[in-house]
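Asks: Let me begin by handing over the structure; questions about it come next.
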Number of protein chains: 2
Amino acid sequence: MQIIKTAEALLTALAQRKASVGLVPTMGALHQGHLSLIKRAISENTTVVVSIYINPTQFDRKEDLTKYPRTLASDLVLLESLSKDLIIYTPSDETLYPQGIVSKNYDFGSLATHMEGASRPGHFNGVATVVEALFTRVKPHKAYFGEKDFQQLQIINALNLQLNMGIEIIGCPIERTAEGLALSSRNTVLSEEQKKKAAQIYQTLCLLIDTIDTWSVNQMEHFFKTKIEALAGFKVDYFAVAAVTDLVPVKTLEPDLNYRLFAAVFVGNIRLIDTLELVRK
Amino acid sequence: MQIIKTAEALLTALAQRKASVGLVPTMGALHQGHLSLIKRAISENTTVVVSIYINPTQFDRKEDLTKYPRTLASDLVLLESLSKDLIIYTPSDETLYPQGIVSKNYDFGSLATHMEGASRPGHFNGVATVVEALFTRVKPHKAYFGEKDFQQLQIINALNLQLNMGIEIIGCPIERTAEGLALSSRNTVLSEEQKKKAAQIYQTLCLLIDTIDTWSVNQMEHFFKTKIEALAGFKVDYFAVAAVTDLVPVKTLEPDLNYRLFAAVFVGNIRLIDTLELVRK
């Protein structure tokens with residue numbers, strides 16, 4: 001209960017209670033990473049829409065789409081336990097793609113060119129297409145995305161500027177297992193042994209943070225590859241250091257830019273990604 | 001949890017969750033009548049503002065203003081028990097009357113001329129002034145008023161049209177004691193004996209409902225006065241039958257208009273009012 005005496009305080013209190021719609025787009029197979037986004041959305045909005053839609057256009061490998069975990073029933077139980085007030089949006093292909101399941105072509109410049117953009121042709125056009133479709137249907141005030149897919153987050157920031165719908169894009173920190181493995185729906189298809197080993201992706205990135213003033217990017221990359229590919233069945237797709245503003249991998253760091261480490265690793269035929277902010281002393 | 005598949009159903013669900021501010025203006029001394037308004041407001045809005053302000057300009061008798069029950073502490077306990085989310089607006093005189101405590105002059109035509117308008121000079125200008133001050137400060141989507149003050153309700157409907165702020169005015173049924181006495185803050189200053197007798201105001205109005213096809217308005221008025229003034233210390237201020245649209249007391253009823261019975265009764269120096277819809281067979 002708020003007890004208010006002045007007209008000014010009343011205006012402020014009423015402004016704070018304006019309705020706001022928060023959107024958390026997901027492909028289901030929900031884990032604690034998603035839940036942390038949804039909890040934050042609940043705390044910041046009067047209405048929260050969680051979309052669950054496995055978007056065909058963002059899968060560059062058909063096999064990955066087919067294998068993607070589908071756990072709608074248990075997802076709904078999880079969501080209901082989080083809040084009884086959620087709107088769960090589970091659109092059909094026809095609803096999101098009335099013109100047929102194809103991506104639009106976007107120009108995101110260097111943001112979409114490297115790393116995931118290079119390794120997964122068409123992936124970001126697919127992501128942007130479905131996010132635009134969700135944004136235009138839900139018209140959220142705020143939309144929540146995990147920083148694990150940091151390149152995706154920056155592309156959505158760029159898309160948001162292009163759409164000019166006034167949506168606030170909120171990037172949320174990566175949730176990890178106790179060992180450090182970044183939570184991902186794809187982890188569910190890893191064995192316990194693979195998961196344990198995969199935590200070394202993060203652990204190695206952490207080690208590299210401390211080498212920033214002494215090692216070159218090439219030395220960092222060599223260390224990362226050697227360390228990770230020593231694990232049976234692990235193959236590094238890429239290791240990169242890039243400024244957060246343009247996401248162009250660099251070999252030398254400018255003093256005034258913010259960089260992150262980015263890595264993609266195949267574990268068998270499962271591809272994991274991770275990223276870590278490079279904090280300079 | 002709502003699970004939604006189509007864009008149309010999504011639009012509907014989101015529209016239902018739009019923020020709306022409900023205002024329940026009160027002068028405190030809250031009873032079940034107020035609480036029923038507030039409960040309805042809670043059920044129909046995302047934010048509810050309950051204003052508590054004893055408005056000096058609507059008291060035509062200074063003695064009535066001085067004696068008006070002031071129970072803010074217990075009011076707040078009651079409100080907190082109803083909902084933890086309420087905004088309680090307790091403005092100072094200076095906040096609502098920055099230009100000094102005087103009424104504006106309104107033209108409500110016949111709505112303000114008879115019954116309470118005749119018995120309480122300046123009352124409705126005072127009511128309209130404070131309601132306009134509250135409306136312009138709170139800017140509610142919906143505002144709730146009890147039908148006990150039916151003439152006031154119609155004047156607020158007229159004020160609302162004049163202000164053209166798009167507010168929805170919601171009149172709520174009278175709450176009564178088991179014996180039928182209309183709940184009113186003024187009842188708290190009645191003795192148990194007086195309250196018991198005062199229930200005859202409603203009971204007599206109910207009896208009159210059945211006489212509509214056989215008795216003239218004069219006969220009804222005579223019956224009401226005789227019955228009520230037989231009670232020690234009771235004096236009828238007025239008894240009237242008026243159409244809800246113009247609130248002009250009539251002696252004969254037109255077939256197609258909706259009428260109500262209106263009565264004001266002094267119990268000692270406490271003035272009670274009541275009203276009842278005239279349902280014709």
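Taken together, the values in this text are just the output of simple stated rules run on the coordinates, not laboratory data. Everything quoted here is computed from the prediction, not taken from an experiment. Note that we place each Cβ from the backbone using ideal geometry, even for glycine, and neighbour counts take in every protein chain shown.
Asks: With both bridge residues required to lie in the protein assembly as shown, what share of the DSSP beta bridges run antiparallel, to the nearest 5%? Could the numbers behind the result be given before it?
Replies: On the way: 40 of 78 bridges.
Of those bridges, close to 50 percent are antiparallel.
Asks: Have a look at the DSSP beta bridges in chain A and tell me what percent are antiparallel, nearest 5.
Replies: Of all bridge pairs located within chain A, approximately 55 percent are antiparallel.
Asks: Sticking with this structure for a sec: Enumerate the amide H contacts of A:Ile4 below 5 Å, restricted to partners 5 or more residues apart or on another chain; note that Pro and chain-start residues carry no placed amide H.
Replies: Those lying under 5 Å, H to H, from A:Ile4 are B:Ile88, B:Tyr89, B:Thr90.
Asks: Let me ask something else about it. From the label point of A:Phe266, set 7 Å from Cα along Cα→Cβ, how far away are the matching label points in the other copies, in nm, ordered shortest to longest?
Replies: Spelled out, the distances from A:Phe266's label point are 9.9 nm.
Asks: Placing +1 at every Lys and Arg Cβ and -1 at every Asp and Glu Cβ, with all other atoms neutral, what dipole size does segment B:185-278 have around its Cα centre, in debye to the nearest 20? Could the numbers behind the result be given before it?
Replies: Details: 10 positive and 12 negative charges, 100 e Å.
Roughly 480 debye, rounded to the nearest 20.
Asks: Can you give the calculated 222 nm mean residue ellipticity of chain A, where each DSSP H run of n ≥ 4 adds -39,500 (n - 2.57) and the sum is split over every residue, rounded to the nearest 500 deg cm²/dmol?
Replies: Numbers: 10 runs with 109 residues, N = 281.
About -11500 deg cm²/dmol.
Asks: Taking amide hydrogens as modeled 1.01 Å from N in the peptide plane, which residues meet the under 5 Å criterion relative to B:Ile101, leaving out close sequence neighbours?
Replies: Residues meeting the criterion, in which the H sits 1.01 Å from N, do not exist here.
Asks: Relative contact order of segment A:185-275, please, whole-number percent, based on alpha carbon pairs below 8 angstrom and at least 6 residues apart.
Replies: Details: 109 pairs, mean separation 24.5, N = 91.
Answer for segment A:185-275 is 27 percent.
Asks: Calculate the dipole size of segment A:20-172 relative to its Cα centre from +1 charges on Lys and Arg beta carbons and -1 charges on Asp and Glu beta carbons; express the result in debye to the nearest 20.
Replies: Here the size comes out at about 100 debye.
Asks: Now a separate question. List, in order, the whole-Hz ³J(HN,Hα) value for each residue of segment B:265-272 obtained from phi through the Karplus relation with A = 6.51, B = -1.76, C = 1.60 and θ = phi - 60°; use x for Gly and Pro.
Replies: Per-residue couplings from phi come out as 9, 7, 10, x, 9, 8, 10, 10 Hz.
Asks: Give the dimensionless ratio obtained when the Cα radius of gyration of the protein assembly as shown is divided by 2.2 N^0.38 Å.
Replies: Taking the Cα Rg and dividing by 2.2 N^0.38 Å, one obtains 1.40.
Asks: What net charge do the residues around B:Asp237 carry, taking every other residue with its C-beta under 14 Å from that of B:Asp237, with Lys and Arg at +1 and Asp and Glu at -1? Kindly include the intermediate steps, with their values, before the conclusion.
Replies: Numbers: positive: B:Arg61, B:Arg120, B:Arg186, B:Lys225, B:Lys235, B:Arg271; negative: B:Asp60, B:Asp64, B:Glu116, B:Glu221, B:Glu229, B:Asp274.
Counting the neighbours of B:Asp237, the net charge comes to 0.
Asks: Roughly how big is the protein assembly as shown's charge dipole about its Cα centre, with Cβ charges of +1 (Lys, Arg) and -1 (Asp, Glu), in debye to the nearest 20?
Replies: Rounded to the nearest 20 debye, it is 520 debye.
Asks: Now a separate question. Could you list B:Asp107, A:Asp274, A:Asp85, A:Asp149 in order of exposure, starting from the residue whose Cβ has the fewest other Cβ atoms within 10 Å?
Replies: By the 10 Å Cβ count, ascending, the order reads B:Asp107, A:Asp85, A:Asp149, A:Asp274.
Asks: At q = 0.10, 0.16 Å⁻¹, what is the base-10 log of I(q)/I(0) for segment A:20-172 according to the Debye formula with one equal point scatterer per Cα and no solvent? Please give it to two decimals.
Replies: Values returned for q = 0.10, 0.16 Å⁻¹ are -0.33, -0.89.
Asks: From the phi angles alone, apply the Karplus equation (6.51, -1.76, 1.60; θ = phi - 60°) to segment B:73-84 and give each ³J(HN,Hα) in whole Hz, x where the residue is Gly or Pro.
Replies: Coupling constants for segment B:73-84: 4, 6, 4, 5, 4, 4, 5, 4, 5, 7, 6, 7 Hz.
Asks: A:Val189 label points, 7 Å along Cα→Cβ, one per copy: pairwise distances from this copy to the rest in nm, shortest first?
Replies: Relative to the other copies, A:Val189 has label-point distances of 7.9 nm.
Asks: Quantify how strongly other chains surround peptide A:87-96 by giving the mean number of their Cβ atoms within 10 Å of each of its Cβ atoms.
Replies: Taking all residues of A:87-96 together, the mean is 5.
Asks: Continuing with the same structure: List the distances, in nm to one decimal, from the label point of B:Asp64 to the label points of the same position in every other copy, shortest first, placing each label point 7 Å from Cα along the Cα-to-Cβ direction.
Replies: 7.6
Asks: Over segment B:19-172, calculate the relative contact order: mean separation of alpha carbon pairs under 8 Å at least 6 apart, over the residue count, as a percent.
Replies: Result for segment B:19-172 is 29 percent.
Asks: In Å, what Kirkwood hydrodynamic radius results for segment A:185-275 from the alpha-carbon pair distances?
Replies: Averaging 1/r across every pair of different Cα atoms and inverting gives 13.7 Å.
Asks: Let me ask another. Across peptide B:4-14, how many C-beta atoms of other chains are within 10 Å of each residue C-beta, on average?
Replies: Neighbouring Cβ atoms belonging to other protein chains average 6 per residue here.
Asks: Hey, another quick one. Ranked highest first by average number of other Cβ atoms within 10 Å, how do A:168-175, A:189-196 line up? Kindly include the intermediate steps, with their values, before the conclusion.
Replies: Details: A:168-175: 16.9, A:189-196: 14.1.
Averaged packing, sorted descending, gives the order A:168-175, A:189-196.
Asks: Under the Karplus relation 6.51 cos²θ - 1.76 cosθ + 1.60, θ = phi - 60°, what is the ordered set of whole-Hz ³J(HN,Hα) values for segment A:189-202, x standing for Gly and Pro?
Replies: For segment A:189-202, the Karplus-derived couplings read 8, 8, 6, 4, 4, 5, 4, 4, 5, 4, 4, 5, 4, 5 Hz, x marking Gly and Pro.
Asks: Now, a different point. So how many Lys-Lys pairs in segment A:20-172 land under 25 Å Cα to Cα, not counting same-chain pairs under 8 apart?
Replies: 14
Asks: So, one more: What is chain B's relative contact order, in percent, from Cα pairs under 8 angstrom and six or more apart in sequence?
Replies: 16 percent.
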